[in-house]
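Asker: Following this message is one structure expressed as structure tokens.
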Amino acid sequence: MTDAAQPRPDETYSYLGPAGTFTEAALKQVPEAEGKHWRSVNNVGEALADVVEGRSTAAMIAIENSVDGGVSATQDALATVAGLRIVGEYLVPVNFVLVARPGTRLDEVRVVNAHPVAYAQSRGWLERELPDHAHLPSTSNVQAAASLFDDGLADAAVAPPGIVDHLDVEVLAEAIGDNPNAMTRFVLVSRSRAVPPRTGADKTSVIVELPDDEPGSLLAMLEQFSTRGVNMSLLQSRPIGDEMGRYRFVIDLDGHVEDERVFDSLLGLRRFSPKVIFLGSYPRADRREVEYHSKYDDEIFIEARDWLRGILSGEPEED
């Protein structure tokens, strides 16, 4: 990672900073980013703007948490900012410590600064150990700790365990996360239109709007996948925002767009929906091979198309 003046955009990666965040930990997993300039930004919108406007070649953003589900700010941004593709995903284990200015005791804590997601994931511990505390929201986990020295409004902060490497804070309690298995999923987003080659352990992400608000519309959308043997690992609704009751759906599919079953389901989805945003096909972070029934093998779809082409071309049918 370099901080040279005016780094080249094609050697710059944006991430939610400052240094020490879980987003930075995700970016450390990207081999292509090693030794490049890492640009710290304040929010998802700024990270994506860097990519769209050419200041960065890619941006690392959080998209889903195993405890709280999809990150709404990211999902909404990907639905409204054109020209972006997900090119990779990365998993980061999530846990937190409670930190304070040196000399602070736990029984002196009245106000806790924390990012809303971090607060939600440690709320049980905080309510049990600090039942009278107040929550002061922060823009990031690291900023929550930094604010202890900036404004002094909070007595303590929820932060990543590595915060002690960046700030002169004292750890009041460790492992305060309510779920020790908590994990955050990050995605690397770029302007590249090239789809990474399929590996057999892939994921495809799309955002879909229903054609109308009538009984059966959601079922009709889901059938595009079920009838082709495509599993959904994420299905989340988000309000479109133009009027009450209108929603778009953020969907992750098991498989690659070059898999015949996924390819065919996306064709059906595009015929069905007035708006489909293809966010990308990319390798799964866990590298776990996608499992599906053999009746949905590529060869089955190819044979069916060849059979129909033969009928249309007047070729004699085989017995």
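The values are calculated or read from the model by the stated rules, or taken from the named source; none is laboratory data. Remember, predicted model here, so these are calculated numbers, not experimental data. Cβ: placed from backbone, ideal geometry, glycine included. Neighbour counts: every protein chain shown. Quick note on the areas: whole protein, heavy atoms, side chains included, nothing else; ligands and nucleic acids left out. Shrake-Rupley method; radii C 1.70, N 1.55, O 1.52, S 1.80 Å.
Asker: Where a Cα-Cα gap under 24 Å defines reach, which lysines qualify for K36, not counting those fewer than 8 residues away within the same chain?
Answerer: Partners within reach: K28.
Asker: With a ≥ b ≥ c the root eigenvalues of the C-alpha gyration tensor of region 1-124, is it rounded (a/c under 1.5), prolate (a/b larger than b/c) or oblate?
Answerer: Values: a/c = 2.26, a/b = 1.56, b/c = 1.45.
It is prolate, given that a/c is not under 1.5 and a/b is the larger ratio.
Asker: Please identify, among T199, T184, T12, the residue showing maximal mean-square fluctuation in a Gaussian network model of the chain using a 10 angstrom Cα cutoff.
Answerer: Comparing T199, T184, T12 in a Gaussian network model of the chain, the most mobile one is T199.
Asker: Still on this structure: Which of the trypsin sites (Lys or Arg not before Pro) across region 205-250 are loop residues per DSSP, with 15 or fewer other Cβ within 10 Å?
Answerer: Working: sites: R228, R246, R248; in loops: R228, R246.
Listed in order of number, the matching sites are R246.
Asker: Count charges around V187 for me, please; just the other residues with Cβ under 9 Å from its Cβ, Lys/Arg as +1, Asp/Glu as -1. Don't skip to the answer; put the middle values down first.
Answerer: Numbers: positive: R185; negative: E64, E89.
Around V187, the charge tally is -1.
Asker: Quick one: if the Förster radius is 22 Å, what FRET efficiency do E127 and S66 give, using the C-beta to C-beta distance and rounding to 0.05?
Answerer: With a Förster radius of 22 Å, E is 0.60.
Asker: Follow-up. Once you order the gyration tensor axes a ≥ b ≥ c over the Cα atoms, which shape class does region 222-319 get: rounded for a/c under 1.5, otherwise prolate or oblate by comparing a/b with b/c? Write down the numbers at each step before the final one.
Answerer: Details: a/c = 3.04, a/b = 1.61, b/c = 1.89.
Oblate.
Asker: State the percentage of accessible surface on the chain attributable to carbon and sulfur atoms; use a 1.4 Å probe and exclude ligands, DNA and RNA.
Answerer: On the way: 8150 of 16090 Å².
C and S atoms contribute 51 percent here.
Asker: Taking only protein heavy atoms and a 1.4 Å probe, what accessible area per residue, in Å², does region 195-318 have with all protein chains in place? Present the calculation step by step, with values, prior to reporting the outcome.
Answerer: Values: 7180 Å² over 124 residues.
Per-residue value: 58 Å².
Asker: While we're here: Please quote Rg/Rh for the chain to two decimal places, taking the Kirkwood radius as Rh and restricting both calculations to Cα atoms. Spell out each step's value before the answer.
Answerer: On the way: Rg = 23.1 Å, Rh = 21.8 Å.
Radius of gyration relative to Kirkwood radius: 1.06.
Asker: Which lysines does K295 reach when only Cα atoms under 22 Å apart count, and residues fewer than 8 places away in its own chain are ignored?
Answerer: K203
Asker: Continuing with the same structure: DSSP loop GluC sites (Glu not before Pro) in region 181-249 with at most 12 other Cβ atoms within 10 Å of their Cβ, which ones? Don't jump to the answer; show the numbers that get you there.
Answerer: Values: sites: E209, E223, E243; in loops: E243.
Of the GluC sites (Glu not before Pro), the ones in loops of region 181-249 whose Cβ has at most 12 other Cβ atoms within 10 Å are E243.
Asker: Given a 1.4 Å probe, how much area per residue of region 43-101 is accessible, in Å²? Let's see the in-between values first.
Answerer: Numbers: 1870 Å² over 59 residues.
On a per-residue basis, region 43-101 sits at 32 Å².
Asker: Kindly report, to the nearest 10 Å², the accessible surface of K275 as traced by a 1.4 Å probe over protein heavy atoms only.
Answerer: Approximately 80 Å² of K275 is accessible to the 1.4 Å probe.
Asker: Sort D286, D107, D213, D264 by accessible area with a 1.4 Å probe, largest first.
Answerer: Numbers: D286 75, D107 95, D213 145, D264 40 Å².
The most accessible residue leads, giving D213, D107, D286, D264.
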